[in-house]
Each structure stands twice: as structure tokens, then as C-alpha cells.
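Presented below is the structure to which this report refers.
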Amino acid sequence: MAGKKTAAILLAGGHGARMQSKIPKQFLLLAGHTVLWHALQALSEGSIDEIVLVTPQGEAEALYRTYREEYGFRKLVAAVEGGIERCDSVVAGLAALRGRGTELVFIHDAARPFVSQELLKRMREAGERYGAAIPALPVKDTIKLGNPEGFVQDTPPRALLFAAQTPQVFSYTAICAAYEAYDRAREAQDARALLATDDAQVMERFGGRPVKLVEGEEQNQKLTTPTDMARAEQWLRERNSLHRKETEE
């Protein structure tokens, strides 16, 4: 039986203030290509059927033309402008997929350009089985919950804590319904609608569907600071060197 029709929303509309660069981090170069190029390459190599790119304001048309026509990313079917907040950008991406028959949607940050095909496969399998799944890594440090006065309020059990990654994968109809409920709650200033920092949080609060945790990857860390970029360059050099050795053998 054929799998569900899949699409990816690639979020590339942020400005990345912590990168200390005038150029948004998704357009910084890694091994001669932009961070965004590497993210598109990773998504294009797998079984994802279509990709929607969410861009900074005023750049959708130019970026669509550049990455689809010049760089040949044929799975890129649309580019749309993002909103003020991450959640607004996701909604714009979901809207761009309306009527395309999408059954399973991957929501991914362009600042995580090294997601592997193995992880994409695990996420697809979990998404098809559970309808909501996220990659995550166990937290290594002891985490403290602080109070407004700056004192420790609680120490949650470390075994139950995970650092969430992307791509987060959902039933398209379920995540659309969850975001619609979330938007209504925001408009009504509902206390539950505190600004969501990831899509799973929207599903948890407004989707009525449990979110499955899937083993993430160390290499799938988000590029946020100049140090992250330096580590990414080193990782790429090591990966390319290993690939050359394997080819020569």
C-alpha cells in the first residue's frame, strides 16, 4: 500500500539576532552553499513529495525562483512570506498546502540543515502511525524550574525531560485544526494561548492528540550562534572527508 502524500513546510523567515550577523542565519554560507540550501537538499533527497518555503517579508518570489529554477529544487512548489511570530509563519505554510492533497506534513526549521535521511524515515513512520510526532534528545543536564523571584521552584526528574527538535510531523488535517483553535484562543486572549514555541505545543493544548517522542540526532542541532556555525563547518569537513575515503576505497 502506498504511503500518505507528504509535504514539508521549511521555515526560513527568521532573522537570527543571536548569530551576530547582518545576514539572516539561513543565508549564511556553509561549504559554499547557504544554510537554507543544505536544508532544502536534505528534505529533497528523501520521500517527501512537496516543499513549501516560508521566507522573510518581500522575498518569497525571488527565493522561489532562485532555489527552484537556479538550484533545481523541483519539489519546491511554493514560497510564501512568514509572519511576525513563528506560529504565524507555520499557519502561512499550512495555508499554502490547502487543496494539494497533503496527508502528512513535516514542519522543519531551515536552521537545522543536517537532518539525516534516517531521521526523516523514522519521523514519517511515527507520523503515519500516531498522527503527531517530534524528534527529541534526552536532556543531559539537571534542569531547574525557577520562580519569578529568581529562586529554584522545582527540579523536574531528568529522565522525563527531552530537548525537542524538528521536523515535527503531523496529520495535515489535525495540525490545521489545532492551529485554528489556537488562533481563536489568541484572539480571545485565552490564558492557554501563551505564545507557542513549537508546533507540538499547539497540538498538545489544542489538538487533542498525544505527541509521540522519536529519537532525535545530535547533528540535527539548531544553528543559533557563531560557535554553532564553526562546529557545522567542522562537521561538514569531516563528513565530506569520510565520504571521499569511502569513494576511493
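For the chain, give the percent of accessible area contributed by carbon and sulfur heavy atoms, probe 1.4 Å, rounded to a whole number.
So the carbon and sulfur contribution to the accessible surface is 51 percent.
If amide hydrogens are placed 1.01 Å from N in the peptide plane, which non-local residues have theirs closer than 5 Å to the one on I9?
Under 5 Å from the amide H of I9 lie the amide H atoms of V52, F106, I107, H108, each far enough along the sequence or on another chain.
I want to verify the translational diffusion coefficient of segment 110-171 in µm²/s; compute it with Stokes-Einstein, Rh as the Kirkwood radius over Cα pairs, at 25 °C and 0.890 mPa s.
178 µm²/s
Under a point-charge model restricted to the Cβ atoms of Lys and Arg (+1) and Asp and Glu (-1), what is the dipole moment magnitude of the chain relative to its Cα centre, in debye to the nearest 20?
Roughly 160 debye for the chain.
Compute the orientation-averaged projected area for segment 112-245 from the convex hull of its Cα atoms and round it to one decimal in nm².
Value for segment 112-245: 11.0 nm².
Mind jotting down the three principal axis lengths of segment 1-146 based on Cα atoms? Whole angstrom, largest first.
45, 43, 30
Sorted by packing (mean other beta-carbon atoms within 10 Å per residue), highest first, where do 147-155, 104-112 land?
Averaged packing, sorted descending, gives the order 104-112, 147-155.
Name the residue from V80, L11, S44 whose Cα lies farthest towards the positive end of the charge dipole of segment 4-162, charges +1 on Cβ of Lys and Arg and -1 on Cβ of Asp and Glu.
S44
Kindly provide the helix-only [θ] at 222 nm of the chain, computed as the sum of -39,500 (n - 2.57) over DSSP H runs of four or more divided by all residues, to the nearest 500 deg cm²/dmol?
It lands at -11000 deg cm²/dmol.
Please give the per residue accessible area of the chain, computed with a probe of 1.4 Å over protein heavy atoms only, in Å².
Result: 54 Å² per residue.
Just want to confirm a number: the relative contact order over segment 30-156, from Cα pairs under 8 angstrom separated by 6+ residues, in percent.
Answer for segment 30-156 is 23 percent.
Hey, what do the phi angles of segment 152-164 turn into as Karplus ³J(HN,Hα) couplings, whole Hz, using 6.51/-1.76/1.60 and θ = phi - 60°, x for Gly and Pro?
Ordered by residue, 3J(HN,Hα) equals 5, 9, 6, 10, x, x, 4, 5, 9, 9, 9, 8, 6 Hz.
Lys and Arg at +1, Asp and Glu at -1: add these up for the other residues within a Cβ distance under 9 Å of I107 and post the number.
Overall, the nearby charge balance is -3.
Any idea what the relative contact order of the chain is, in percent, if you count C-alpha pairs under 8 Å spaced at least 6 apart?
22 percent
What residue among Y71, Y179, Y130 shows peak mean-square fluctuation when the chain is described by a Gaussian network model with Cα springs under 10 Å?
Y71
Would you mind working out the magnitude of the charge dipole of segment 114-249 relative to its Cα centre, with +1 at each Lys and Arg C-beta and -1 at each Asp and Glu C-beta, to the nearest 20 Debye?
I would put it at about 160 debye.
Please build a GNM for the chain, connecting alpha carbons under 10 Å apart, and tell me which residue among R68, R129, R237 fluctuates the most.
R237
Could you tally up the Lys pairs in the chain with alpha carbons closer than 21 Å? Skip any pair fewer than 8 positions apart unless they're on separate chains.
14
If you place +1 on the Cβ of every Lys and Arg, -1 on the Cβ of every Asp and Glu, and leave all else neutral, what size is the dipole of segment 37-82 about its Cα centre, to the nearest 20 Debye?
That gives a dipole near 80 debye.
Looking only at S89, S171, S116, which one moves most when the chain is put into a Gaussian network model with springs between Cα atoms under 10 Å?
Residue with maximal mean-square fluctuation among S89, S171, S116: S116.
Per residue, how much space in cubic angstrom lies within the convex hull of the C-alpha atoms of the chain?
With only Cα atoms used, the chain gives 167 Å³ per residue.
The values are calculated or read from the model by the stated rules, or taken from the named source; none is laboratory data. What you are looking at is a predicted structure, and each value in this text was computed from that prediction instead of being measured. FYI the Cβ positions are ideal-geometry reconstructions off the backbone, even for glycines, and counts take in every protein chain you see. With ligands, DNA and RNA removed, areas are computed over all heavy atoms of the protein, side chains included. Shrake-Rupley method; radii C 1.70, N 1.55, O 1.52, S 1.80 Å.
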